[in-house]
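I have placed the structure first, in the form of structure tokens, so that the comments after it can refer back to it.
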Amino acid sequence: MNSIKSLIDTLYDTANLTDDQLLMILTEIKSTEDLQYLFDKAVSKKASHYKDAVYMRGLIEFTNYCKQNCNYCGIRGLNTTVDRYRLDKDMILSCCKEGYQLGYRTFVLQGGEDPYYTDARLVEIIKAIKIQHPDCAVTLSIGERSRESYVALKMAGVDRYLLRHETASKELYESLHPNMSFENRRECLYTLKALGYQVGAGFMVGLPNQTDEDLVKDLRFLKILSPEMIGIGPYIPHEHTPLKGAHGGTVEKTLILLALTRLLVPKALLPSTTAMGTLDPKGREKALKAGANVVMPNLSPTDVREKYELYKDKICTGDEAAHCRQCIEGRIKSAGFSVDMGRGDHANFKSEHSSKALFTIVE
Ligand code: SF4
């Protein structure tokens with residue numbers, strides 16, 4: 001057995017390697033045989049916790065306003081070419097209703113950092129969703145907020161929160177995020193964890209000036225934080241951003257990082273991202289075969305889909321929710337997995353768990 005395979009075996013058995021060993025895999029894994037060995041181990045590890053299930057989440061992109069200006073992002077506040085929109089409570093509820101009828105039991109509400117959505121407005125929306133769909137999980141993905149805000153949203157019934165750390169390299173982070181704080185972003189993640197959310201972190205692959213050493217820092221950060229969800233996608237440049245003309249990431253490298261993440265944080269829920277499908281028609285299936293086990297088909301109204309363009313040529317912007325649901329189901333099955341329309345909580349979480357954790361903290 002070669003040294004790469006034996007490192008993969010150690011990672012499989014112990015869920016850990018040193019930074020140097022991770023770097024060695026990242027820089028030296030090249031042969032089709034070694035890559036397949038890595039992906040098969042990742043799928044086997046996933047199966048030991050989640051069998052062959054792939055969880056479906058209904059994604060609702062409810063605002064493309066954002067006060068931030070991340071240099072890679074198509075809806076950054078300074079991009080004046082964006083046609084901005086917000087969905088009101090009734091529109092969001094109508095997306096949830098359609099999603100519920102299609103079988104979804106998790107709704108992911110995603111948006112830019114939009115101050116219009118005060119805690120009071122969000123709490124009203126969340127409570128309404130929870131009253132209409134008490135058997136569903138609600139995930140928020142709306143960026144950095146105060147601890148008080150995260151407490152209020154948790155009390156309103158939010159189960160999970162996605163906040164990608166984007167990159168664990170301070171220098172790289174600061175070069176990409178004007179007026180944002182590397183430390184604060186991490187602090188937000190630890191706060192969300194302490195409040196009992198199922199927390200999602202994650203990063204982009206192929207950012208300008210990103211090195212393999214930076215990617216090892218991402219893996220190490222994830223191992224330490226041990227989030228319940230981890231979003232990893234290739235960076236795809238957008239023409240109306242300061243980084244236009246950059247090369248971006250590849251599906252191949254992203255698959256390696258997905259598989260390594262699965263082995264380092266074995267129970268994590270890992271999405272097969274739309275960005276993978278944008279770069280490669282089979283990208284989402286390939287991600288499932290490298291250890292991913294979540295997909296997030298779009299439930300947003302079709303007339304706003306194109307306006308939520310985080311990166312160039314994003315796919316699935318014209319398809320009705322029912323079409324997305326069917327399309328993704330076909331892809332999951334063709335990749336050899338089965339669709340699970342349940343809430344799809346993390347293996348360590350029962351649905352009551354998060355509330356208990358919060359009440360312990362606020363008492
Ligand atoms: S990545 Fe998020 S916070 Fe940054 S500009 Fe885009 S929507 Fe706003």
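Values in this text are rule-based calculations from the coordinates and carry no lab data. In this text, all values refer to a predicted model and were calculated from it rather than measured experimentally. Because the Cβ atoms are built from the backbone with ideal geometry, glycine has one as well, and the counts that use them run over all protein chains shown.
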Inset, instruction - Along each of the three principal axes of the Cα atoms of region 184-318, give the extent in whole Å, ordering the values from largest to smallest. - result: 37, 34, 33
Legend entry - Alpha-carbon spread of region 145-245, three principal axes, descending order, Å: 43, 30, 21
Inset, instruction - Report the extension gain between Glu183 and Asp303 in nm, rounded to one decimal, defined as 0.36 nm multiplied by the number of residues separating them, less their alpha carbon distance. - result: 39.5 nm
Legend entry - Listed residue (Ala322, Ala259, Ile4) projecting farthest to the positive dipole end of the chain, Cβ model: Ala322
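Just to be sure I understand: if I project the alpha-carbon convex hull of region 239-297 onto a plane and average over all orientations, what area do I get in nm²?
On the way: hull surface 19.2 nm².
Taking a quarter of the hull surface, the average projection is 4.8 nm².
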Inset, instruction - Hey, for a label at Lys312 modelled as a point 7 Å past Cα toward Cβ, could you say which residues of region 260-298 have their backbone N under 18 Å away? - result: 275-281
Inset, instruction - With a point put 7 Å past each Cα toward its Cβ, work out how far Gln101 is from His323 in nm, to one decimal. - result: 1.8
Legend entry - ³J(HN,Hα) computed for each position of region 342-349 - Karplus, 6.51 cos²θ - 1.76 cosθ + 1.60, integer Hz, glycine/proline x: x, 4, x, 5, 4, 4, 8, 10
Inset, instruction - Report the Cys residues of the chain lacking a disulfide-compatible partner, meaning no second Cys Cβ under 4.7 Å from their Cβ. - result: Cys66, Cys95, Cys96, Cys136, Cys188, Cys316, Cys324, Cys327
Legend entry - Theoretical ellipticity at 222 nm over the chain - DSSP helices of four or more residues, -39500 (n - 2.57) apiece, nearest 500: -14000 deg cm²/dmol
Legend entry - Cα-projected label distance for Ser31 with Tyr116, points at 7 Å along beta-carbon direction, nm: 5.6
Legend entry - Sequence-separation-based contact order of the chain, relative, with Cα cut under 8 Å and 6+ spacing, percent: 24
Legend entry - Pairwise label distance in nanometres, Asp13 with Asn348, each label 7 Å out on the Cα-Cβ vector: 2.4
Legend entry - Estimated dipole of region 1-147 in Debye, rounded to 20 [Cβ of Lys and Arg +1, of Asp and Glu -1, Cα centre]: 560
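Roughly what percent of Cα-Cα pairs across the chain reach past 30 Å?
Numbers: 21685 of 65703 pairs.
Percent of Cα pairs beyond 30 Å in the chain: 33.
Determine the gain in length on full extension of the stretch Ser94-Glu174; use 0.36 nm per residue of separation and subtract their C-alpha separation, reporting nm with one decimal.
Details: separation 80, 0.36 × 80 = 28.80 nm, distance 3.87 nm.
Here the segment from Ser94 to Glu174 would lengthen by 24.9 nm.
Note the per residue figure in Å³ for the convex hull of the C-alpha positions in region 62-206. List each step's numbers first, then the result.
Details: hull volume 17.6 nm³, N = 145.
Convex hull of Cα atoms, per residue: 121 Å³.
Highest mean first, how do 99-109, 237-247, 140-150 rank when packing is the count of other Cβ atoms within 10 Å averaged over residues?
Details: 99-109: 20.5, 237-247: 16.1, 140-150: 17.7.
Top of the packing list down: 99-109, 140-150, 237-247.
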